[in-house]
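Encoded as structure tokens, the structure appears first; notes follow it.
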Amino acid sequence: MISVDGVTVEFGGSALFSDISFVINDKDRIALMGKNGAGKSTLLKIIAGERTPTKGRISAPKDAVIAYLPQHLMTDNKRTVFDEAAQAFSRIFDMQREIEELNNQLATRTDYESEEYYALIEQVSALSEKFYSIEEINFDAEVEKILLGLGFLREDFTRPTSEFSGGWRMRIELAKILLQKPDLILLDEPTNHLDIESVQWLEEFLINSSKAVIVISHDRAFVDNITTRTIEVTMGRIYDYKVNYSNYLVLRKERREQQQKQYDEQQKMIAETTEFIERFKGTYSKTLQVQSRVKMLEKLELVEVDEEDTSALRLKFPPSPRSGNFPVIVDGVSKSYGDHLVFANASLTLERGEKIAFVGKNGEGKSTLVKAIMKEIEYDGTLTLGHNTMIGYFAQNQASLLDEELTVFQTIDDVAVGEIRTKIKDILGAFLFSGDNITKKVKVLSGGERTRLAMIKLLLEPVNLLILDEPTNHLDMRTKDILKSALTDFDGTLILVSHDRDFLDGLVSKVYEFGNKQVKEHLGDIKSFLQKKKIDHLRELEK
């Protein structure tokens with residue numbers, strides 16, 4: 001059992017949160033919720049021991065292992081993937097080495113009667129008892145199982161970590177955490193760099209093989225599937241719900257309605273009391289009543305209504321110019337880089353107004369086919385864009401193409417036309433730009449902020465084919481809802497490359513799966529695709 005006792009964090013005199021206390025029990029799987037800036041990541045770092053609170057403390061048993069996966073990190077570049085993952089067992093290997101050294105000393109020393117010799121015997125006995133109490137582990141098999149589950153291939157095991165992108169290095173860090181079998185796993189946005197299959201594998205691992213887990217994630221399906229408890233950080237305090245995310249949303253709505261009712265009643269009472277004081281403050285016969293009511297108002301604890309979620313804001317695309325009936329026709333397209341074949345003989349026909357998803361493991365060619373459609377790379381086969389097809393493209397590097405000298409407001413004002421211009425501040429607010437933020441220049445924005453700004457800019461340009469490559473990675477749940485609603489209403493054609501099942505659900509009507517050098521068409525939405533994949537998976541196991 002790990003407890004958070006009276007934790008307060010202050011920045012420059014104002015409190016991020018005050019006097020927070022809760023207990024983390026074995027087998028608790030907790031979602032940490034709250035809007036951006038509420039202090040979720042800070043709280044996670046404090047529990048991990050990476051930050052010190054202004055007041056309060058974290059209490060844990062002496063031998064408790066707390067493992068933390070932050071949003072951004074880099075692993076050691078010199079080791080191979082397998083050796084880096086095996087670092088999870090370094091504590092056990094160190095113990096083994098120490099026992100061997102102590103035994104060597106006992107074998108070579110001859111002062112059998114001395115106190116030092118007896119002390120050595122006691123030391124080696126205590127260490128050996130601890131070492132042999134650890135369950136028998138086949139280290140190599142454990143490392144292999146976890147790496148394969150997280151999407152690595154066997155041939156990746158011997159490659160140096162320096163050859164992998166940041167997202168894949170994040171998976172290596174996640175592998176190390178899972179291999180330690182910690183008492184508490186702290187995960188900050190773990191699914192941002194995982195494909196759908198790896199996310200499903202991680203869910204099953206956390207549900208069946210982990211002890212306690214606290215997770216911050218904007219992947220609603222992931223959070224719903226794994227968590228049994230939701231802690232919301234809001235306005236400097238916490239609310240602890242013993243339910244998963246979906247049920248928490250219902251209870252939170254009820255709580256806000258109750259607060260609003262109490263607030264309205266209290267405001268009415270304050271108004272009536274103030275009116276009484278004003279009317280009778282000079283009347284001798286009412287002096288005691290007036291004084292008593294003044295004191296009552298002074299002592300009154302004001303009811304606060306928690307921050308309102310403004311996800312009701314609707315973002316509407318400008319009407320898209322009409323394209324031909326078939327904006328994209330891909331016929332027998334193949335792509336290789338040298339000897340490496342990415343995919344062969346891919347064919348698909350996209351009808352006007354259709355919304356489709358590209359899914360599959362990372363590295364199987366989803367972004368490659370997008371680049372072919374964008375005419376950014378050469379390929380074999382035929383790829384035709386229909387009459388009057390106007391493409392709006394969002395990729396992770398989109399943020400780097402913004403004009404760094406413009407402010408946030410100017411960036412959007414330049415592309416907004418018609419009535420949307422009156423709502424620029426609302427739209428920026430929906431994507432978490434408010435107050436002084438909208439006058440900041442693009443060059444001082446963080447990577448996540450630039451990504452969000454590039455997304456808004458794209459949404460306001462009149463196009464009829466939208467191609468979005470992992471658009472939700474830097475968006476919180478509220479902003480994702482706004483984007484999803486806008487895409488649902490979009491009257492053009494949409495290609496979405498994403499591993500966010502909840503985002504794709506109800507948005508796309510066809511799924512193209514990339515894998516084994518092929519591109520397969522699946523009719524139906526993402527739910528039916530996943531159900532079908534589960535059946536395929538079971539049949540493969542039976543073989």
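Two numbers describe the Cα atoms of region 369-496: Rg and Dmax, which are 15.3, 51 Å.
Taking only the Cα atoms of region 1-124, the ratio Rg/Rh comes out at 1.16, with Rh defined as the Kirkwood radius. Residue order by solvent-accessible surface for 65, 250 is 250, 65, largest first, with ligands and nucleic acids left out and a 1.4 Å probe. Among 241, 112, 263, the sequence by solvent-accessible area, most first, with a 1.4 Å probe is 112, 263, 241.
Restricting attention to region 210-362, the count of lysine pairs at 8 or more positions apart or across chains with alpha carbons under 25 Å apart stands at 18. With the simple model of a label 7 Å out from the Cα in the direction of the Cβ, residue 117 to residue 22 spans 5.8 nm. Here region 275-301 is scanned for amide nitrogen atoms under 20 Å from the site 7 Å beyond the Cα of residue 15 along Cα-to-Cβ, giving 299-301.
Over all projection directions, the Cα-based convex hull of region 267-422 averages an area of 18.6 nm².
Of the residues 186, 217, 64, the one whose Cα sits farthest towards the positive end of the charge dipole of the chain is 217 (charges of +1 on Lys and Arg Cβ, -1 on Asp and Glu Cβ, taken about the Cα centre).
Relative contact order of the chain, taken over Cα pairs closer than 8 Å and 6 or more residues apart, is 15 percent. Label reach from residue 208 (point 7 Å along Cα→C-beta): in region 84-108, no amide nitrogen lies under 11 Å.
Taking 0.36 nm per residue of separation and subtracting the Cα-Cα distance, what length does fully extending residue 148 through residue 50 add? Display every interim value, and only then the final one.
On the way: separation 98, 0.36 × 98 = 35.28 nm, distance 2.97 nm.
So the extension gain works out to 32.3 nm.
Per-peptide packing, taken as the mean over residues of other Cβ atoms within 10 Å, places 522-531, 114-123 in the sequence 522-531, 114-123 from highest down. Once the Cα-Cα distance is subtracted from the 0.36 nm per residue extended length, the residue 523 to residue 128 segment shows a gain of 136.3 nm. Antiparallel beta bridges, as assigned by DSSP with both residues in the chain, represent about 50 percent of the total such bridges. Going by accessible surface with a 1.4 Å probe and the largest first, 132, 284 read 284, 132.
For the chain, give the magnitude of the charge dipole about the Cα centre (Cβ charges: +1 Lys/Arg, -1 Asp/Glu; no others), in debye to the nearest 20. Spell out each step's value before the answer.
Working: 71 positive and 87 negative charges, 414 e Å.
The dipole magnitude comes to about 1980 debye.
Heavy-atom accessible surface of the chain, averaged per residue, reaches 51 Å², computed with a 1.4 Å probe. For the chain, with all protein chains in place and a probe radius of 1.4 Å, 49% of the accessible heavy-atom surface sits on carbon or sulfur. Cross-link check: pairs 55/78; 62/145; 145/517; 40/375; 371/441; 441/510 evaluated at a Cα-Cα cut-off of 32 Å; pairs beyond the cut-off: 55/78; 40/375; 441/510.
Across region 124-265 the C-alpha pair distances fall into 5 Å bins from zero in the proportions 2, 8, 15, 17, 14, 12, 10, 8, 6, 4, 2, 1, 1, 0, 0 percent. Distances over 42 Å make up what percent of all Cα-Cα pairs in the chain? In whole percent, the long-distance tail amounts to 34.
The values are calculated or read from the model by the stated rules, or taken from the named source; none is laboratory data. Only a predicted model underlies this, so the values are computations on that prediction, with no experimental measurement involved. For neighbour counting, all protein chains shown are included, and Cβ atoms are generated from backbone atoms with ideal geometry for every residue, glycine included. All accessible areas refer to the heavy atoms of the entire protein, side chains included, with ligands and DNA or RNA removed. Shrake-Rupley method; radii C 1.70, N 1.55, O 1.52, S 1.80 Å.
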